[in-house]
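Quick notes on the structure that follows.
The values are calculated or read from the model by the stated rules, or taken from the named source; none is laboratory data. If you're wondering where the values come from, they're calculated on a predicted model, not measured in any experiment. Positions of Cβ are backbone-derived with ideal geometry, glycine not excepted, and every protein chain shown enters the neighbour counts. Surface accessibility is based on the protein's heavy atoms, side chains included, excluding ligands, DNA and RNA. Shrake-Rupley method; radii C 1.70, N 1.55, O 1.52, S 1.80 Å.
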Amino acid sequence: DLASVETENQRLPYPVMAIEYDFDYGELGVPQEKLDKIQELALKRIILLVEISDTQFALMSAYHPQSNEVQLQWAVAPISIVFTYEMLNTMEEWYFISDDLSLNLGIGGPGQPSVTAALPMFEDTVSDMDSETAEIIMKDMADELRVAFGMLGILSCSNAPIEKVAPPAKLNKKREKAGKAPIPTYRTLHVTDHTSRSNGSSGGSHSSPRTHWRRGHIRNQPTAKGVIRKWIKPTIIGGGDAPKPEVVLT
């Protein structure tokens, strides 16, 4: 639920961001029999976040259909969702979670995101699109919106473990002499560094839970200087071993 991310006063850390990831429907508890009926199962996805101006940014989506009947390598959603940064302070006016946990967005109203063509080739398609079709596409992009805003939430934490990696100076000099573009500095965000904690024996009548991961999350930590946002590492709960997820975001 994005309400727990607290997006107030956030901005994109870069003018253009590409988030590529593998989507796990199983983690959402989607039954296999339902997955078998989806013809274009989108496991691999890319989110593009693009700053349009000092006050606006857009979210676009692309996915790789996992189907023998589909020959496309990557498909781009025809619409992009345009937000103002001010809307991140008033999500309750356009962000709604239904009883079935599906995401609904208010579009086009006062203080709500708008929709535009993701690429010039889609301008006629979007201009002729009825509201029902646009709503279906919006629901298809719900997961991308959750992932993107969740990422922004982590990046805004005061202790987000970001490592700045400078390119080798000698290598860049050789590339410059050879007429090649230099290797840029990049940043790596390690979100899966974790801690271990054993429940021990409580002496009660209930058996200890099986060893499992408690997922990482954002916490608003009161301090003498006010409330700060902190990233709480994933934790292994229990006395045994849990598989360590190898995820590093670069």
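Here's how it looks for Thr116: its modeled amide H is under 5 Å from those of Ser80, Val82, which are all 5 or more places away or on a different chain.
Counting only heavy atoms of the protein chains and using a 1.4 Å probe, Arg146 has close to 70 Å² of accessible surface. Ranked from largest to smallest solvent-accessible area, with a 1.4 Å probe on the protein heavy atoms, Lys139, Lys180 come out as Lys180, Lys139. Measuring only protein heavy atoms, the 1.4 Å probe finds Phe83 accessible over about 0 Å².
Extension gain for Gln56-Arg146 works out to 30.6 nm (0.36 nm per residue, less the C-alpha to C-alpha distance). Across region 72-178, C-alpha contacts under 8 Å between residues 6 or more apart give a mean separation that, scaled by the residue count, equals a relative contact order of 23 percent.
In this simple spin-label approximation, Tyr21 and Lys225 carry label points 7 Å from Cα along the Cα→Cβ vector, and these lie 2.9 nm apart.
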